[in-house]
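Read the structure below first, then the notes.
The values are calculated or read from the model by the stated rules, or taken from the named source; none is laboratory data. What you are looking at is a predicted structure, and each value in this text was computed from that prediction instead of being measured. Because the Cβ atoms are built from the backbone with ideal geometry, glycine has one as well, and the counts that use them run over all protein chains shown.
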Amino acid sequence: MVRPLPRCSTRYSWCNQNYNVGEVVHQQPAATVAIPSVGRAPLRHLLPLRADAFSVPYRDPVWDGPTDPVIVADHLKGEWVLFYTQRRATKPGLTGVEWVHGTAIGVGRSSDGGATWNYQGTADGLVPPETERPATLWAPDVVRIGDQWIMYLTVLGGVRTDWAGSASIVQFASPDLEAWEYLGQIDLDSPRVIDAAVARCGDGRYRLWYKDEARGSNTYSAVSDRPQDPSSWVLEGLTIPGRPHEGPKVFRLEGHYWMTVDEWRGQAVYRSADATGNWTRQEHRGGLILTAPESVEGRPVVGRHADVVPLAPGEDGRERALLVYFTHPHWGGEDIGAMDPERRTRLSHVRAAVLEVRNGNLVCSEH
């Protein structure tokens, strides 16, 4: 269920649905795309996602700190659903990075293709048994597998003022994107793993990509033929080495598989033939996109931790997708651990850019 806000509040933003890779785990329900089965429940008409989604950035009406967005289509209600980490950006009396901990998962819904957004409160039932409370919940990924929605979620016990402590990735299942059943923790042989992203690859198998903060803050992967089962994941190892990064996202566009990761200076772009491995960094513009979608005091504000949602083709017939991301509009730095203690710099909002492949390169246009 979704826990409602005591005071009903509505904020406007544009939402998009999130489906990923190959046999698309998140998918734009356009005229040419089959709507996934939802059992015997009646389907409701779902307006296609708008290319100008998030022209008005989405702001969380409680703490003004939405981050790590992911968007899915609810075919039962005919709405787009936005899940995000609800950072406590405006809560007084917090020290260090305490405002990034103790976070719930915020929920917004749109019934008009993302033109307007209604804040729904926070998702309930997402704290695993025996987790120290208040728990910290980060960076959900939500995918349709069979007749269920599966959420892959980062969970930390308790609230901290620093970046220490263990973190794990767990799974939940839901028939309706509201009531969630705990399935278990994924064993990734590391005390600190965050930012799950799951998609079906060219070999027909599902892969989980994630940030391993105990191993250089690089992207690692695991593979499964039964992604609903947390015990089915088998480690594959290092996927994207080098400069530390987070927030991987994998999707297919114009015949190639792409991965974006957040390098805190923009989104780095990689390409693969089938998403099973052999990722090659894009050379165009240093392999980065979203390096300055905004600016503050003459400094660039970068796009962070993104999701990717297919769009209907453009007028030229080319495939397009929506890159949904967040920024700190009043802060131009990289590492939030070094962020100015002024509370205003903690604020964040969700925006989007249209992705296309031009001359073999993944490029985006902000709006």
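Residues in the range 186-233 that are on the phi > 0 side of the Ramachandran plot, of a type in the set (Asp, Glu) and more than 18 Å from the chain's Cα centre (by Cα): Asp189 only.
Under the condition of being of a type in the set (D, E, K, R) and at pLDDT 60 or above, which residue from the range 26-57 is surrounded by the fewest Cβ atoms within 10 Å (Cβ to Cβ)? Break it down into steps so the answer makes sense when it comes.
Residues of the range 26-57 of a type in the set (D, E, K, R): 40, 44, 50, 52.
Still in the list and also at pLDDT 60 or above: 44, 50, 52.
On the way: Arg44: 12, Arg50: 21, Asp52: 14.
Looking at the filtered set, the residue picked out is Arg44.
The residues in the range 121-138 that are outside any loop (DSSP other than H, G, I, E, B) and in contact with a Phe, Trp or Tyr (Cβ under 9 Å, 6 or more places away or on another chain) can be counted, and the count is 1.
In the range 102-115, the residues that are closer than 17 Å to Arg88 by Cα reach residues that are acidic (Asp, Glu) with C-beta atoms within less than 6 angstrom, at least six apart or across chains, in these pairs: Gly106/Asp60. As a summary of the residue check, Arg343 satisfies the conditions (1) under 27 Å from Val198 (Cβ atoms); (2) touching a residue at least 60 places away in the same chain (Cβ under 8 Å) except for the one numbered (1). Among the residues of this structure, Ala214 counts as one that is over 14 Å from Gln171 (Cα atoms) and outside any strand (DSSP E or B). When the range 292-314 is limited to residues that are within 22 Å of the chain's Cα centre (by Cα), without any contact (Cβ under 8 Å) to a residue 40 or more places away in the chain and in a loop (DSSP other than H, G, I, E, B), the one that is farthest from Pro140 (Cα to Cα) turns out to be Ala292.
The residues in the range 84-114 that are buried (at least 24 other Cβ atoms within 10 Å of the Cβ) and over 23 Å from Gly165 (Cβ atoms) can be counted, and the count is 3.
Among the residues of the range 152-209, those identified as among the hydrophobic types (A, V, I, L, M, F, W, C), crowded, with 17+ Cβ neighbours inside 10 Å and assigned to a loop (DSSP other than H, G, I, E, B) are Val159, Leu177, Trp180, Ile186, Leu188, Cys201. Candidates in the range 229-272 are the residues that are of a type in the set (Lys, Arg) and outside any loop (DSSP other than H, G, I, E, B); of these, the one that is nearest to Pro300 (Cα to Cα) is Lys249.
Inspection of the range 279-291 finds a residue satisfying the criterion of being touching a residue at least 40 places away in the same chain (Cβ under 8 Å) and either assigned to a strand (DSSP E or B) or aliphatic (A, V, I, L, M) (or both).
Taking every residue in the range 123-152 that is of a type in the set (Phe, Trp, Tyr) and pairing it with any residue that is surrounded by fewer than 16 Cβ atoms within 10 Å (Cβ to Cβ), at least 6 positions away or on another chain, the pairs with Cβ-Cβ distances below 9 Å are Trp149/Pro175; Trp149/Asp176. Do the conditions hold for Ala275, that is, is it part of a strand (DSSP E or B) and not hydroxyl-bearing (Ser, Thr, Tyr)? It is false that Ala275 is part of a strand (DSSP E or B) and not hydroxyl-bearing (Ser, Thr, Tyr). Taking the conditions (1) more than 21 Å from Glu294 (Cα to Cα); (2) surrounded by 14 or more Cβ atoms within 10 Å (Cβ to Cβ); (3) at pLDDT 50 or above in turn, Asp60 satisfies each one other than (1). Count of the range 283-306 residues, restricted to those that are within 12 Å of Trp264 (Cβ to Cβ) and among the basic types (Lys, Arg), is 1.
As a summary of the residue check, Ser224 satisfies the conditions (1) out of contact with any helix residue (DSSP H, G or I) (no Cβ under 6 Å at 6 or more places or on another chain); (2) small (Gly, Ala, Ser); (3) surrounded by 15 or more Cβ atoms within 10 Å (Cβ to Cβ) except for the one numbered (1).
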